[in-house]
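The values are calculated or read from the model by the stated rules, or taken from the named source; none is laboratory data. Please read these numbers as outputs of a predicted model, since none were measured by experiment. No Cβ is skipped: glycine too gets one built from the backbone with ideal geometry, and neighbour counts run over all protein chains shown.
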Amino acid sequence: MTPQKVANRGSIASRVLGVWQRFWFSPYPALDLALCRIAFFGFLYQRYHSYDETAWFTLKQGGVWYPVSFFNLGVPVFEPDVLRFIYWLMGLSLLCAALGLFSRVSMALSFVTALYTFALQQNFAKYTGGGIDVVVVVMSGFALSRAGDDLSLDRFFRLLRSERGHLPKTWAAFTTPVAPSGEYLWPLKFAWLMFYMLYFSAGISKLMHSGLAWADSENLRNSLIRHHFSHEPPTQWGLWVADRVWAYKGMGYASLAIEVFAPLGLFSRTLRIPFALALGGMQYGIYLLLGVTFAATKALLLMFVPWSALFKAAQRVRFWAQRRTLRQP
Amino acid sequence: MTQRGDEANNTLSSSVALASPPPQSPSAPRRAVLSFAIIGVLAAYAYCVASGEYLWPISPHPMYSSIQGRTFTTFALVGVSEQGEFPLRSEHARPIGASTLRAVLNRKQGREHEKALATFQKLYERARVNNPEFPELLGLRSYEQVFQIPKQGRSLATLPKPRSTLTSSLFLAPLPLRQEFKQQAENVAPPVRAAGAGDIVVELHAAEPSSTPKVNDARASEREAFVLSGKARRAPQAEPARYIDVTFHAEAGTYTLWLRGAAAEKKQEASVWVQLDEELGTQRVAPHDKRAQSSGFGNWHTGLPQQVFAWSSCVPGAPPLRVSFATAGSHRLRLSAREGSAWVDQLWLSREQQEAPSFSGAVSAP
């Protein structure tokens with residue numbers, strides 16, 4: 001190999017490394033990640049704080065048990081009392097993570113407890129949870145992140161201590177933005193990546209198992225009619241679609257295309273929101289036509305909401321309203 | 001999100017009171033660890049998608065990836081209450097969903113299927129504690145349903161009903177019957193009822209002499225019951241060692257076949273074979289029904305206490321089996337051991353009684 005080639009090789013490697021580092025670790029404001037943390041863990045807390053499904057234990061005792069890889073590693077199924085404690089701990093850590101109290105510990109704890117809790121419900125002949133597996137992976141990202149640096153009780157209490165209990169000063173410092181850092185970008189991008197992976201892997205699985213015939217056959221028609229029997233879709237639109245070749249084949253191709261090309265949203269800011277909306281819309285369409293829900297993916301969609309823009313818009317509206325009040329005689 | 005910049009926003013610059021303010025970019029070792037973690041997750045996804053394996057929490061998400069045909073088979077699980085059958089939904093068997101119920105039944109066969117029903121019944125009873133409006137369960141039944149989707153071009157306005165076959169049944173005795181079982185446990189015979197007009201009641205103690213042993217029991221009709229016991233068999237023997245032969249006269253018509261008996265021993269099956277007329281001396285079963293072939297008769301071990309007399313046709317609580325006679329005349333019927341050990345004392349061919357009797361006492365001839 002010539003020295004020139006070696007040099008080129010080195011420069012290509014360093015260029016790739018540079019692109020990778022800029023992609024994941026460019027400095028970024030802390031506010032977005034903080035607001036996503038509140039929305040994500042707040043949603044999960046609201047949904048799972050009263051989770052108390054000790055009946056899984058009853059099912060296992062009854063011989064209904066098809067363990068997933070996680071439980072084949074020797075992870076035990078605890079007695080109902082221990083399960084109840086784990087669920088309580090999960091609820092508490094989700095709440096603390098949303099509030100930003102003991103952020104790093106609570107986010108790590110919510111990941112560990114959710115990893116166990118939601119793994120348990122996968123051992124009964126069917127993979128369930130509507131995307132909860134991806135939510136757990138995203139939680140692992142939060143567990144390693146510094147998402148609690150801004151808009152957190154941790155920060156407030158720290159400021160309160162440093163300002164010796166002076167509340168106005170503490171509040172003024174609390175509303176001052178945290179300096180941007182690469183620490184606040186990668187967890188967001190990781191969450192987006194996982195959201196796209198959910199659909200990308202589903203799209204690739206379809207192509208691997210069935211090829212383009214998945215869309216270019218009566219497959220979707222039969223699925224729509226089948227769910228009319230086996231599920232309870234809220235509308236009869238599925239049958240309307242199943243009656244029209246152009247509708248179900250078009251829908252099949254569109255679904256495949258959206259799923260397979262979804263990761264493009266990660267690399268293009270222009271495509272990010274359209275893809276997220278298309279995938280969210282597809283999910284809602286599945287509910288309307290097939291009666292199948294993927295509730296947990298709502299938590300992932302919350303990561304795409306432009307929270308800081310909304311936050312700033314709300315601040316502007318409040319400021320404008322205050323000025324108007326002052327001008328009035 | 002479009003208003004967000006991936007680059008640093010220089011107007012947001014002060015770092016205030018963080019325990020350890022983060023540098024603009026994570027340190028090199030931390031970047032390396034995070035990069036390896038991200039690449040590891042991506043590699044795990046690639047492996048799962050390529051192999052179809054689940055490595056919780058990484059999944060290949062293969063749902064709906066196989067092509068659906070126009071014919072499909074599924075299981076329907078229904079609860080039985082005094083008002084009739086009702087479909088078992090997710091809220092009835094929390095935390096297990098309706099589609100998971102079907103998936104479990106799909107994997108379970110035979111006795112395992114019945115065990116799964118018993119577990120689902122426990123879940124229902126748990127759910128009923130918080131939802132008293134749920135009806136009292138008299139039993140659970142699972143049906144295998146075959147759906148045939150019409151071809152393209154045919155209107156979907158009226159979709160065809162599925163072909164349903166009962167595959168398993170869990171019988172939970174209704175309250176009055178449970179009261180009688182309690183009395184029977186104290187050796188009190190339940191009251192005798194009169195059979196309907198045109199019904200045929202056969203007292204088995206008067207059957208032709210055979211080597212089949214008998215047991216004396218105050219609760220049995222005429223205080224005597226036969227004990228049919230033997231090894232589990234897939235079909236009746238042409239010449240069984242232990243059997244009961246009875247002869248009776250019947251008018252032409254269709255009768256529902258009921259057998260009064262009990263499971264003689266704990267944790268043991270208790271079912272018998274029934275053969276009629278020309279089937280005697282062969283390995284065929286009467287009536288010529290898939291359920292009679294697969295489950296036999298009686299099955300008092302299913303959902304009933306042990307050593308308690310009760311009426312059963314095929315399986316307690318399941319729809320009964322019927323026999324038809326084209327002409328009036330004399331008929332021969334043979335009962336022989338199928339599996340486990342059963343006590344039997346009365347045979348009742350009824351024109352009226354088409355639902356499982358809500359009493360356990362013997363019947364008297366009309």
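Tally the residues that are away from chain B (no Cβ under 11 Å), part of a helix (DSSP H, G or I) and crowded, with 16+ Cβ neighbours inside 10 Å, restricting the search to the stretch A:224-248.
1
Given the criteria surrounded by 20 or more Cβ atoms within 10 Å (Cβ to Cβ), over 20 Å from the mean Cα position of the chain (by Cα) and either under 28 Å from A:Ala147 (Cα atoms) or not charged (D, E, K, R) (or both), does A:Phe25 qualify?
Taking the combined requirement at face value, the residue does not satisfy it.
Can you go through A:Arg161, A:Arg104, A:Arg146, A:Arg155 and tell me which one is within 28 Å of A:Trp24 (Cβ to Cβ), out of contact with any helix residue (DSSP H, G or I) (no Cβ under 7 Å at 6 or more places or on another chain) and of a type in the set (Lys, Arg)?
Checking each option against the conditions leaves just A:Arg104.
Working only within the stretch B:252-268, note down all residues that are touching a residue at least 60 places away in the same chain (Cβ under 8 Å) and outside any strand (DSSP E or B).
Of everything in the stretch B:252-268, those that are touching a residue at least 60 places away in the same chain (Cβ under 8 Å) and outside any strand (DSSP E or B) turn out to be B:Ala252, B:Ala264, B:Glu265, B:Gln268.
Pick from the stretch B:108-122 the residues that are more than 12 Å from B:Gly79 (Cα to Cα) and of a type in the set (S, T, N, Q): which of them is farthest from the other protein chains (Cβ to nearest Cβ)?
Result: B:Gln109.
Identify the residue in the stretch A:188-222 that is of a type in the set (Gly, Ala, Ser) and surrounded by fewer than 21 Cβ atoms within 10 Å (Cβ to Cβ) and, among all such residues, is farthest from B:Met63 (Cα to Cα).
Out of the qualifying residues, it is A:Ser217.
A:Ser93 - would you say it is modelled with pLDDT under 85, out of contact with any strand residue (DSSP E or B) (no Cβ under 9 Å at 6 or more places or on another chain) and not aliphatic (A, V, I, L, M)? Even if it seems obvious, please write down each step before you answer.
Working: modelled with pLDDT under 85: no; out of contact with any strand residue (DSSP E or B) (no Cβ under 9 Å at 6 or more places or on another chain): yes; not aliphatic (A, V, I, L, M): yes.
No: the conditions fail for A:Ser93.
Surrounded by fewer than 21 Cβ atoms within 10 Å (Cβ to Cβ), closer than 25 Å to B:Phe72 by Cα and more than 11 Å from chain B (Cβ to nearest Cβ): does that describe A:Ala254? I'd like the intermediate steps shown before the answer.
Numbers: surrounded by fewer than 21 Cβ atoms within 10 Å (Cβ to Cβ): yes; closer than 25 Å to B:Phe72 by Cα: no; more than 11 Å from chain B (Cβ to nearest Cβ): yes.
No: the conditions fail for A:Ala254.
Which of the residues belonging to the stretch A:14-56 are touching a residue at least 24 places away in the same chain (Cβ under 8 Å), within 11 Å of chain B (Cβ to nearest Cβ) and closer than 30 Å to B:Ala118 by Cα?
The answer is A:Tyr51, A:Asp52, A:Glu53, A:Thr54, A:Trp56.
Taking into account only those residues within the stretch B:50-73 that are within 7 Å of chain A (Cβ to nearest Cβ) and within 19 Å of B:Gln148 (Cα to Cα), which is nearest to the chain's Cα centre (by Cα)?
By that ranking, first place goes to B:Phe72.
Do we have B:Glu144 as away from every other protein chain (no Cβ under 12 Å), more than 25 Å from A:Pro80 (Cβ to Cβ), part of a helix (DSSP H, G or I) and among the acidic types (Asp, Glu) here?
Considered against the rule, which asks whether it is away from every other protein chain (no Cβ under 12 Å), more than 25 Å from A:Pro80 (Cβ to Cβ), part of a helix (DSSP H, G or I) and among the acidic types (Asp, Glu), B:Glu144 comes out as no.
Restricting attention to the stretch A:51-67, does a residue exist that is of a type in the set (Gly, Ala, Ser) and assigned to a helix (DSSP H, G or I)?
Just the residues of the stretch A:51-67 that are of a type in the set (Gly, Ala, Ser), to begin with: A:55, A:62-63.
Right, trim to assigned to a helix (DSSP H, G or I) and you get A:55.
Yes, the stretch A:51-67 has at least one match.
Checking the structure you have, find out if any residue of the stretch B:343-352 is modelled with pLDDT of 90 or more, under 28 Å from B:Arg219 (Cα atoms), in contact with a Pro (Cβ under 6 Å, 6 or more places away or on another chain) and of a type in the set (Phe, Trp, Tyr). Spell out the reasoning first.
Applying the first criterion (modelled with pLDDT of 90 or more) to the stretch B:343-352 yields B:343-351.
When the remaining residues are screened for being under 28 Å from B:Arg219 (Cα atoms), the result is B:343-351.
Filter once more, so that each one left must be in contact with a Pro (Cβ under 6 Å, 6 or more places away or on another chain): none.
Within the stretch B:343-352, not a single residue is modelled with pLDDT of 90 or more, under 28 Å from B:Arg219 (Cα atoms), in contact with a Pro (Cβ under 6 Å, 6 or more places away or on another chain) and of a type in the set (Phe, Trp, Tyr).
In the list B:Arg128, B:Arg94, B:Arg89, which residue meets the criterion of being over 20 Å from B:Thr302 (Cβ atoms) and in contact (Cβ under 8 Å) with a residue 24 or more places away in the chain?
B:Arg94 is the lone residue from the list that is over 20 Å from B:Thr302 (Cβ atoms) and in contact (Cβ under 8 Å) with a residue 24 or more places away in the chain.
With respect to A:Lys298, is the statement that it is among the charged types (D, E, K, R), part of a helix (DSSP H, G or I), in contact (Cβ under 8 Å) with a residue 24 or more places away in the chain and out of contact with any His (no Cβ under 6 Å at 6 or more places or on another chain) true?
yes
Name the single residue, out of those in the stretch B:209-233 being in a loop (DSSP other than H, G, I, E, B) and surrounded by 12 or more Cβ atoms within 10 Å (Cβ to Cβ), that is modelled with the lowest pLDDT.
Going through the qualifying residues, I end up with B:Ser210.
Quick one: how many residues across the stretch B:21-78 are loosely packed, with under 14 Cβ neighbours inside 10 Å and assigned to a strand (DSSP E or B)?
The total comes to 2.
Counting just the residues of the stretch A:163-175 that are over 19 Å from A:Ala34 (Cβ atoms) and assigned to a helix (DSSP H, G or I), which one comes out nearest to the other protein chains (Cβ to nearest Cβ)?
Filtering first and then ranking leaves A:Lys169.
Looking at A:Leu160 and the list (1) within 12 Å of chain B (Cβ to nearest Cβ); (2) among the aliphatic types (A, V, I, L, M); (3) buried (at least 23 other Cβ atoms within 10 Å of the Cβ), which single condition is not satisfied?
Condition not satisfied by A:Leu160: (3).
Determine which single condition B:His249 fails, assuming it passes every other condition in (1) part of a loop (DSSP other than H, G, I, E, B); (2) closer than 18 Å to B:Leu349 by Cβ; (3) more than 22 Å from the chain's Cα centre (by Cα).
That leaves (1) as the condition not met.
For A:Leu185, are the conditions met, namely being touching a helix residue (DSSP H, G or I) at 6+ places or on another chain (Cβ under 8 Å), at the interface with another protein chain (Cβ under 10 Å from one of its Cβ atoms) and in contact (Cβ under 8 Å) with a residue 60 or more places away in the chain?
yes
So for the stretch A:114-132 (the condition being out of contact with any Ser or Thr (no Cβ under 9 Å at 6 or more places or on another chain), buried (at least 18 other Cβ atoms within 10 Å of the Cβ) and not in a helix (DSSP H, G or I)), does at least one residue qualify?
Checking the stretch A:114-132: at least one residue is out of contact with any Ser or Thr (no Cβ under 9 Å at 6 or more places or on another chain), buried (at least 18 other Cβ atoms within 10 Å of the Cβ) and not in a helix (DSSP H, G or I).
Between B:Ser358, B:Ser271, which is in a loop (DSSP other than H, G, I, E, B) and touching a helix residue (DSSP H, G or I) at 6+ places or on another chain (Cβ under 9 Å)?
B:Ser358
Identify the residue in the stretch A:188-222 that is in a helix (DSSP H, G or I) and charged (D, E, K, R) and, among all such residues, is farthest from the other protein chains (Cβ to nearest Cβ).
A:Lys189
Filter the stretch B:30-49 for residues that are of a type in the set (Val, Ile, Thr) and more than 7 Å from chain A (Cβ to nearest Cβ) and give the result.
B:Val33, B:Ile39
Of B:Leu105, B:Leu138, which residue is crowded, with 16+ Cβ neighbours inside 10 Å, within 22 Å of B:Ala318 (Cβ to Cβ) and away from chain A (no Cβ under 13 Å)?
Of the residues listed, the single one that is crowded, with 16+ Cβ neighbours inside 10 Å, within 22 Å of B:Ala318 (Cβ to Cβ) and away from chain A (no Cβ under 13 Å) is B:Leu138.
Quick one: in the stretch A:73-125, which of the residues that are touching a residue at least 12 places away in the same chain (Cβ under 8 Å) and charged (D, E, K, R) is farthest from the other protein chains (Cβ to nearest Cβ)?
Of everything passing the filter in the stretch A:73-125, A:Glu79 is farthest from the other protein chains (Cβ to nearest Cβ).
Quick one: is A:Leu89 outside any loop (DSSP other than H, G, I, E, B), surrounded by fewer than 18 Cβ atoms within 10 Å (Cβ to Cβ) and touching a helix residue (DSSP H, G or I) at 6+ places or on another chain (Cβ under 8 Å)?
Spelling it out, A:Leu89 is indeed outside any loop (DSSP other than H, G, I, E, B), surrounded by fewer than 18 Cβ atoms within 10 Å (Cβ to Cβ) and touching a helix residue (DSSP H, G or I) at 6+ places or on another chain (Cβ under 8 Å).
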